[in-house]
Amino acid sequence: MKPDNIKCSKCLGSGLVSNPATIGRRLKKLRIAAGLSLTAVKTALRVSHGYVSLMESGKATITTARVRQYRDAIAKLSKSK
């Protein structure tokens, strides 16, 4: 799965993704496919380990901006491997 496969087109008017569980699963698949640890992603995003875990499990509120940040972090980290 390539980082560009995560699209932010479905959101509520507030910029929140409409289905955080689906997006979270896609984010996790993307991270794993890139061979990256949760720690690497949390460091790149400057958030807690717990928040990334909650995002990936669909239990956190996720904004479209955060999805883009996650996607961009994966792409950047993948290139540096």
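The values are calculated or read from the model by the stated rules, or taken from the named source; none is laboratory data. Note that the structure is predicted; figures quoted are calculated from it, not measured. Cβ: placed from backbone, ideal geometry, glycine included. Neighbour counts: every protein chain shown. These area figures cover heavy atoms from the full protein model, side chains too; ligands, DNA and RNA do not enter into them. Shrake-Rupley method; radii C 1.70, N 1.55, O 1.52, S 1.80 Å.
Could you check region 15-63 and list, in sequence order, the residues that are modelled with pLDDT of 95 or more, among the polar types (S, T, N, Q) and either surrounded by fewer than 13 Cβ atoms within 10 Å (Cβ to Cβ) or within 17 Å of LYS79 (Cα to Cα) (or both)?
Within region 15-63, SER37, THR39, THR43, SER48 qualify.
With respect to ALA73, is the statement that it is open to solvent by less than 90 Å² (accessible area, probe 1.4 Å), under 10 Å from the mean Cα position of the chain (by Cα) and small (Gly, Ala, Ser) true?
On the way: open to solvent by less than 90 Å² (accessible area, probe 1.4 Å): yes; under 10 Å from the mean Cα position of the chain (by Cα): yes; small (Gly, Ala, Ser): yes.
So ALA73 fits the description; yes.
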